[in-house]
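The values are calculated or read from the model by the stated rules, or taken from the named source; none is laboratory data. Note that this is a predicted model, so its numbers are computed, not measured. Cβ sites come from the backbone with ideal geometry, for glycine too, and all protein chains shown count toward neighbours.
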Amino acid sequence: MAKLKSLFDTLWFRVLLGLVLGIAFGFAVGPVTAHGALGIDGKSFLTEYIRPVGTVFINLIKMVIVPLIFFSLISGIVSMTDAKAFRRIGLKSVAYYLTTGAFAVCIGLAFGHFFRPGLGVDLSALAAVAGTPAAPAAALPPVNVISILVGTIPPNVVKAMAEDNILQVVVFALFVGITLNALGDKVRNLTAVFQQSATLVFRLIETVIRFSPYGVFALTAWMVGTQGLDILFALFKLVCVVIGALFTQYLLFGLMLVAFGRLSPLPFYKKMLEPQLMAFSTSSSKATLPVAMRVVNESIGVSKSNTAFVLPLGASINMDGTAIYLGITALFFSQAYGIPLGPHQYFILVLTATLGSIGAAGIPSGSLFMMGMVFTSVGLPLDGIALIAGIDRILDMMRTTVNITGDSLITLLVDKSEATFNRQVYEDMSR
Ligand code: ASP
């Protein structure tokens, strides 16, 4: 009994409970099983009463996300007063992130190539099951390589913050942090203000996170109860292939820990459970960042400054699950439409899908907006995007879990290579 009580005291357990109860509740109340099984209109009950709880939770997180990224990055940079160390860590992180992203696309392409999920798929039957597409292809803004690069520079910082444009906020924070370091003593007080603001934001986040079991419950119940599962069965093979590839990447993370970090992967897998549950239920790397930062620093043993700098950078530019997904869906539609792709196109897919995973916003269905660029780069029709939108949420839950795990792993490896990593904390399974 005492054991159960101490388990219940841990946040990850309460979040897990929220998730499980949410699934059960969604099934009981939602229209998926029997309409009105509980004598109520499940769909509107979930939408009117349960969803708002989830919205409050998401809004609480959104409230702290821009200040978190902005102040955390700046405080991370100003804590690296050694300009050489900063450049080294920055370059190392970006190199790691890009390499794992490109490698993830290759895993996606390999799975798509060998398991051929699109072979024999009747797209017109699929369109009938998909019904009204959640994101008609025509409604997606055009995205290409140049526009992603140009789009990282904020013409108006306030607007970038107001619109939650994380990539632009990252760029501005880098500018401010680097310049504060260059000015050194002249701006000592201002630098301290930024550092203290980061401390304030971390405390705000601790408060918000306490609400997460309820938010997770509400979001999951709503999701399970309102998003019919028919479409999932229609695309069963694709779903299995995506899950297989994501799981492979997940195992590779463990191997990377052993090979590059010389660490047992078990503590990492165990301690990542809490951020992973968060990623799973919110489908947003951005929303998971606060929890991930706390766990990576306090339980995994990564130094404060690298947690503050490398992890938010990863949450905005590194999405391994998304990279896998973009690779597989491109091959899925090439097979379903009967448009063969050669080695040259595979190479283009590695480039554009990696870029797409960098450019995708860490929000639910962020990658749908990148599919346009990836598909057009190899001449695939865009109509497929609307079909895939129907199953996107469920796959999104899984790829976001992989995304945040990859960011945390690279942050750990960078920290370890800088000899600032606390191995004792990492190996202490009670943390
Ligand atoms: N939802 C994902 C994330 O936040 C992005 C995506 O749609 O792939 O990491």
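Return the total of residues in region 361-390 being farther than 19 Å from I148 by Cβ, within 13 Å of the ligand (Cβ to nearest atom) and surrounded by fewer than 24 Cβ atoms within 10 Å (Cβ to Cβ).
2
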Could you check, for region 314-322, whether at least one of its residues is within 16 Å of the ligand (Cβ to nearest atom), within 22 Å of the chain's Cα centre (by Cα) and surrounded by fewer than 24 Cβ atoms within 10 Å (Cβ to Cβ)? yes
Within region 76-97, of all residues that are crowded, with 19+ Cβ neighbours inside 10 Å and modelled with pLDDT under 90, the one farthest from T191 (Cα to Cα) is F86
For region 348-362, which positions are modelled with pLDDT of 90 or more and under 11 Å from A104 (Cβ atoms)? V350, A353, T354
If you go through F268, F247, the only one that is closer than 19 Å to V15 by Cα, among the aromatic types (F, W, Y), part of a helix (DSSP H, G or I) and more than 16 Å from the ligand (Cβ to nearest atom) is F268
Within the set of pairs 6+ apart or on separate chains, which have a first residue in region 170-188 that is over 19 Å from L311 (Cβ atoms) and surrounded by fewer than 16 Cβ atoms within 10 Å (Cβ to Cβ), a second that is modelled with pLDDT under 90 and among the aliphatic types (A, V, I, L, M), and C-beta atoms under 9 Å apart? A182/A83
Does at least one position in region 264-284 carry a residue that is out of contact with any Leu (no Cβ under 8 Å at 6 or more places or on another chain), surrounded by fewer than 23 Cβ atoms within 10 Å (Cβ to Cβ), in contact (Cβ under 8 Å) with a residue 24 or more places away in the chain and under 20 Å from V208 (Cα atoms)? no
Checking the conditions here, which among V402, V414, V374, V350 is part of a helix (DSSP H, G or I) and touching a Lys or Arg at 6+ places or on another chain (Cβ under 7 Å)? V414
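In the set L395, L331, which member is within 16 Å of the ligand (Cβ to nearest atom), modelled with pLDDT of 85 or more and crowded, with 24+ Cβ neighbours inside 10 Å?
After applying the criteria, what remains is L395.
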What's the total number of residues in region 273-311 that are within 15 Å of the ligand (Cβ to nearest atom) and either farther than 27 Å from G366 by Cα or not in a helix (DSSP H, G or I) (or both)? 2
Which one is farthest from G118 (Cα to Cα), of the residues in region 336-360 that are among the small types (G, A, S) and within 16 Å of the ligand (Cβ to nearest atom)? G359
Determine which member of the set L387, L326 is assigned to a helix (DSSP H, G or I) and modelled with pLDDT of 90 or more. L326
May I ask you to list the residues in region 182-198 that are of a type in the set (D, E) and at positive phi? none
Identify all residues within region 56-99 that are more than 18 Å from E418 (Cβ to Cβ) and touching an Asp or Glu at 6+ places or on another chain (Cβ under 8 Å); write none if there are none. K62, I65, V66
G112: passes all of (1) in a loop (DSSP other than H, G, I, E, B); (2) modelled with pLDDT of 85 or more but (1)
Only residues in region 401-426 that are more than 11 Å from G261 (Cα to Cα) and aromatic (F, W, Y) count as the first member; pair them with residues that are outside any helix (DSSP H, G or I) and within 11 Å of the ligand (Cβ to nearest atom), Cβ under 7 angstrom, at least 6 apart or cross-chain, and list the lot. none
What are the residue pairs meeting all of these: first residue in region 1-24, first residue over 15 Å from L273 (Cα atoms), second residue buried (at least 16 other Cβ atoms within 10 Å of the Cβ) and polar (S, T, N, Q), Cβ atoms under 6 Å, and 6 or more apart or on different chains? G22/T220; I23/T220
In region 204-248, which residues are at pLDDT 85 or above, exposed (fewer than 14 other Cβ atoms within 10 Å of the Cβ) and either in contact with a Cys (Cβ under 7 Å, 6 or more places away or on another chain) or over 19 Å from A279 (Cα atoms) (or both)? C240
Only one of G366, G356 is under 15 Å from the mean Cα position of the chain (by Cα) and part of a helix (DSSP H, G or I). Can you tell me which? G356
Need pairs with beta-carbon distance below 7 Å; first residue at negative phi and within region 340-356, second part of a loop (DSSP other than H, G, I, E, B) and crowded, with 17+ Cβ neighbours inside 10 Å; sequence gap 6+ or separate chains. L341/V378; Q345/V378; I348/V378; L349/V378; G356/S367
